[in-house]
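K.L.:
Here you go, one structure.
Bear in mind that the values in this text are calculations on the coordinates, not laboratory data. All of these numbers come straight from a predicted model, not from anything done at the bench. Here the Cβ positions follow ideal geometry from the backbone for every residue, glycine too, while neighbour counts run over all protein chains shown.
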Amino acid sequence: MRPIRALLAGTATAGLLLLTACTTDAPTEQPPAAETSATEEEPAESGAESEWFVQEDYDRELAQRDVEPEGPADQPWLQAIEPEYVDTADLASEGGDKTLCFSNASVSNPWRVTGWITMQQQVEVLKEEGVIGEFRVSDAADDDNKQISDIQAFVEAGDCDAIIVSPSTTATLTPAVEAACESGKPVIVFDRGVNTDCMVTFIHPIGGYAYGAVGAEFLVENLDPGSTVLALRILPGVDVLEHRWAAADKVFSESDIDVVGVEFTGGDGAKIKDLVTQHLQRGEIDGIWMDAGDGAVAAVEAFEDAGQPYPVFVGEDEMSFLRKWDETGMTAIGNVYSNFQWRTPILAAQKIWAGEEVPSEWVLPQEPVVQDDLAEFLEANADMPSLHYAKFGGEDLPGYPEAWTDR
Amino acid sequence: MTTGLSQETAQGTARGTARQWRERLLSGGSWTVLALLVVVLVVIVVINPSFAEPVSLMAFAKKAAPLVVLAVGQYFVIVSGEFDLSVGSLVGAQVVIAARLMDGDEALTWPVLALMLVFGLLVGLVNGLVTTLLRVPSFITTLGMMLVLFGAIRLWTGGAPTGALSESFRVLGRKGFPDVPGQFQVPYALLVALVVVGFAVLLMRRPFGRSLVAAGDNAVATAYSGAPVWWLRTRAFLLSSLLATVAAVLIGGFAGVTAQVGQGLEFMAITAVVLGGVALGGGRGTVVAAMVGALALEALFTLFNQLALPSTIRPAVQGVIIIVAVAYAARRRRT
């Protein structure tokens, strides 16, 4: 046994060394942008040609970007784009100390964590004011079945004065939300949607198409025709993320940008860095498009470590990326999926109890961070942790800034 | 005449050697994974010749080093007849703890590293003692530890990590020498992995290594022979957690801190070890084969990228390859 093991060890090590050694004299000329692997075959499940792309929604969201929202400009979480108000007089109820019930999909990513803190701080304000007595929360940890039973439990308990749902997935949660509506309690849905309009209000920023298109348009504007772009996506099959890519794909397909790869990263920094490094080995990358900013810094570092010039970069309003952007001085944009939307459902509940009208579809503004306001956001969030989102909209809440810095 | 004869003999021997080699390569176990690694690497180079350039290979080595280190740690535990499912969570916890405690402060790099070491050993000690003395199956112990670490970190950080790793902390995982970006460099991560493998090979040749394999093969017989099986296995868990800490330094250095760091690494490490022909349940397999298993797994991921395989199908392909490889390795030798 012993000689075999020694031999094995020797051969394996030798093989490895040989592999590394025999490559030094490999031909240095290399085909420009390897044709076979680099040209990504567009999978039909995603992108502008897939069932995720709805032209009508795309056109509407792109148009909404230019609409001046109604409401106070210094409180974007109360603004609404093209609102159609519904009367809530029949849902109004006397007195304070309400029980507010919230079924949360999860706090499994930094974006949701940031929003969740903001929401709790808003609740504190209303508790002080005596509007809310109890804030009852169930966290489904990204499990559809758990969230369905969470909502059922709220309905069965019968003492929720309003039910807020942040659905984990669209189709699966629809019946549960419908059941909640039937209980007669006001239902508020935010972030991801459901396939029903039974709730009093559905709160969300403009949406995924606008998000995806903003980044893609930025790349098209800032890159020469024929430039190469690598698209980094988190996961397939989640509607908000599919819409982002579908819109970007649409924009790219109508331009002279060459998309050399579409990769799924799971938001994992190590995987992002590895993927970008591999693409850089095959050819130059002029631009990076990301469907969410998680791990954007790892992608930037891949360029640094490969000794390549910085790409034109589409990231998010996550602090780690904004800081890296500032340090490197690269051409970039910080996309925004308005994190301040987490405040809105609480305030919507207050309005509904007071019998004030609310928009049936409450579309919040969604504006990217651009070079001109980068310094302002960096300064405002100087003490915030790196996985904090610049447009969290909680600066005027009493817990600011400790609630967000000491998380 | 004589020359003819000797030629014939030489040919015969050559044929014999060739047959031996073919049998060895096809026999399953360690040799098969080496063959798999070579085949995958060759396919990658055929698809993308630039992969064979030294710069690209060193980038591959840098990426693969943490998994090699983890696989070596997992090897100690598996060969002794146990599992360690907690390493992925431990890597994640260590990176998050380090980022939060040092928050980019260079002066805190060494104290935090020392703390990580202590924390890693503590986790290993708990895993080991609960498994050996309380007789909780290691599958359950380390599954529990995985959840405890995952939950504790989420509780501590509120779900999202904060802080930053200092530049000097990141040197091992990110840099190499000479330190010129884009040029050929030998990554420090590769050196760390080589040192770890070298150390492990030596350790497995010492009485400790031999008793460890014996304990995995037949714990009762080993106990009768006078070796303290509980302490052998506890040390295996200590080594696993220690190496998970080393891997955490490399991974944190490589890509910085993200919320997902470490996720799923325990299964990759176990897969790497099993691909290397180390028998689950212990008692069989070599540490070098575990390393080759880790390299083969990383090479497979690289191949998937090069093929631009739709990510939706990757886990399925990965699963099939692993099952086939292990089934092939477990096949009885025809003799």
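K.L.:
Counting partner chain Cβ atoms within 10 Å of every residue's Cβ in A:271-282, what's the average?
P.N.:
6
K.L.:
Let me ask something additional. In a GNM of chain B with a 10 Å cut-off on Cα contacts, which of B:Leu90, B:Leu309, B:Leu34 has the highest mean-square fluctuation?
P.N.:
B:Leu309
K.L.:
Exactly which GluC sites (Glu not before Pro) in segment A:68-156 are in a DSSP loop and have at most 13 other Cβ atoms within 10 Å?
P.N.:
Hits after loop and neighbour filter: A:Glu84, A:Glu94, A:Glu129.
K.L.:
Rank A:Phe102, A:Pro83, B:Gln94 by how far each Cα sits towards the positive end of the charge dipole of the protein assembly as shown (+1 on Lys, Arg Cβ; -1 on Asp, Glu Cβ) and give me just the farthest.
P.N.:
The listed residue farthest towards the positive side: B:Gln94.
K.L.:
Which residue, B:Glu266, B:Glu82, B:Glu106, tops the fluctuation ranking in a GNM of chain B built on C-alpha contacts under 10 Å?
P.N.:
Taking springs between Cα atoms under 10 Å, the residue moving most is B:Glu106.
K.L.:
For segment A:333-378 and segment A:182-198, what is the separation of their C-alpha centers, rounded to whole Å?
P.N.:
About 18 Å separates the Cα centre of segment A:333-378 from the one of segment A:182-198.
K.L.:
Set Lys and Arg Cβ to +1 and Asp and Glu Cβ to -1, take the dipole of the protein assembly as shown about its Cα centre, and tell me which of A:Ala231, B:Phe267, A:Pro401 lies farthest positive.
P.N.:
With unit charges placed on the Cβ atoms, the residue in question is B:Phe267.
K.L.:
A further question follows. Viscosity 1.306 mPa s, temperature 10 °C: give me the Stokes-Einstein translational D for segment A:279-407 in µm²/s, with Rh taken as the Kirkwood radius over C-alpha pairs.
P.N.:
Once the numbers are plugged in, D ends up at 96 µm²/s.
K.L.:
Taking 4 °C and 1.567 mPa s as the conditions, I'd like the Stokes-Einstein D for segment A:221-353 in µm²/s, using the Kirkwood hydrodynamic radius from alpha carbon pairs.
P.N.:
Diffusion coefficient, whole number: 82 µm²/s.
K.L.:
Between segment B:186-215 and segment B:115-179, what is the C-alpha centre distance in whole Å?
P.N.:
21 Å
K.L.:
Here is a follow-up. Only loop residues by DSSP count here, and only those with at most 14 other Cβ atoms within 10 Å; note down the trypsin sites (Lys or Arg not before Pro) in segment B:135-219 that meet that.
P.N.:
Loop-located and lightly packed - B:Arg135.
K.L.:
At q = 0.09, 0.10, 0.11 Å⁻¹, what base-10 log of I(q)/I(0) does the Debye formula yield for segment B:29-330 when every alpha carbon is treated as an equal point scatterer in vacuo?
P.N.:
Reported log10 I(q)/I(0), two decimals: -0.43, -0.54, -0.66.
K.L.:
Relative to the Cα centre, what is the charge dipole magnitude of the protein assembly as shown, using +1 at the beta carbon of each Lys and Arg, -1 at the beta carbon of each Asp and Glu, and rounding to the nearest 20 debye?
P.N.:
7080 debye
K.L.:
Given the convex hull over the Cα atoms of the protein assembly as shown, what projected area results after averaging over all orientations, in nm²?
P.N.:
Averaged projected hull area, Cα only: 36.9 nm².
K.L.:
In addition: Based on DSSP H runs of at least 4 residues, each adding -39500 (n - 2.57), what is the mean residue ellipticity at 222 nm of chain A after dividing by all its residues, to the nearest 500 deg cm²/dmol?
P.N.:
Here the helix-only value at 222 nm equals -13000 deg cm²/dmol.
K.L.:
Among A:Glu68, A:Glu284, A:Glu316, which one shows the highest mean-square fluctuation when chain A is modelled as a Gaussian network with alpha-carbon springs under 10 Å?
P.N.:
The residue that fluctuates most here is A:Glu68.
K.L.:
Pairs of lysine in chain A with Cα under 25 Å and at least 8 positions apart or on different chains: total?
P.N.:
For chain A, the number of qualifying lysine pairs is 13.
K.L.:
Would you kindly calculate the mean projected area, averaged across all directions, of the convex hull enclosing the Cα atoms of chain A, in square nanometres?
P.N.:
For chain A, averaging the hull's shadow over all directions gives 25.2 nm².
K.L.:
Could you work out [θ]222 nm for chain B from helices alone, using -39500 (n - 2.57) per DSSP H run of at least four and dividing by all its residues? Round to the nearest 500 deg cm²/dmol.
P.N.:
About -25000 deg cm²/dmol.
K.L.:
Whole Å is fine, so just give me how far the alpha carbon centre of segment B:49-94 lies from that of segment B:244-268.
P.N.:
Result: 10 Å between the Cα centres.
K.L.:
Using the crude model of +1 on Lys and Arg Cβ and -1 on Asp and Glu Cβ, and no other charge, please compute the dipole size for segment B:29-330 relative to its Cα centre, in debye to 20.
P.N.:
In total the dipole reaches around 440 debye.
K.L.:
As I understand it, the value is the acute angle between the Cα axis of helix B:2-26 and the longest principal axis of the Cα atoms of chain B; what does it come to in degrees, rounded to 10?
P.N.:
Rounded to the nearest ten degrees, it is 30.
K.L.:
In nm², what is the average projected area of the convex hull enclosing the Cα atoms of segment A:92-133?
P.N.:
Mean shadow area of the hull around the Cα atoms is 3.4 nm².
K.L.:
A follow-up question, please. Put one equal scatterer on each alpha carbon of segment A:95-173, apply the Debye formula with no solvent term, and list log10 I(q)/I(0) at q = 0.15 1/Å to two decimals.
P.N.:
Once normalised to I(0) and log-transformed, intensities are -0.54.
K.L.:
Hey, another quick one. How far is helix A:269-282 tilted, in degrees, relative to the longest principal axis of the Cα atoms in chain A, given as a value from 0 to 90 rounded to the nearest 10?
P.N.:
The two axes meet at around 40 degrees.
K.L.:
What ratio of Cα Rg to 2.2 N^0.38 Å holds for segment A:211-253?
P.N.:
Taking N as the residue count of segment A:211-253, the ratio is 1.16.
K.L.:
While we're here: Once the dipole of segment B:29-330 is set up with Lys and Arg at +1 and Asp and Glu at -1 on Cβ about the Cα centre, which of B:Ala308, B:Met146, B:Ala223 lies farthest towards its positive end?
P.N.:
B:Ala223
K.L.:
Any idea what angle helix A:144-157 forms with the longest principal axis of chain A, computed on alpha-carbon atoms, 0 to 90 degrees, nearest 10?
P.N.:
Helix A:144-157 and the main axis of chain A meet at about 10 degrees.
K.L.:
Over all alpha-carbon pairs of segment B:223-314, lay out the pair-distance distribution in 10 Å bins, whole %, shortest bin first.
P.N.:
For segment B:223-314, the binned pair fractions read 13, 34, 34, 13, 4, 1 percent.
K.L.:
Can you tell me the relative contact order of chain A? Whole percent, Cα pairs under 8 Å, sequence separation 6 or more.
P.N.:
22 percent
K.L.:
Let me ask you something else. With +1 on each Lys and Arg Cβ and -1 on each Asp and Glu Cβ, and nothing else charged, work out how big the dipole of chain A is about its Cα centre, in Debye to the nearest 20.
P.N.:
Roughly 1740 debye for chain A.
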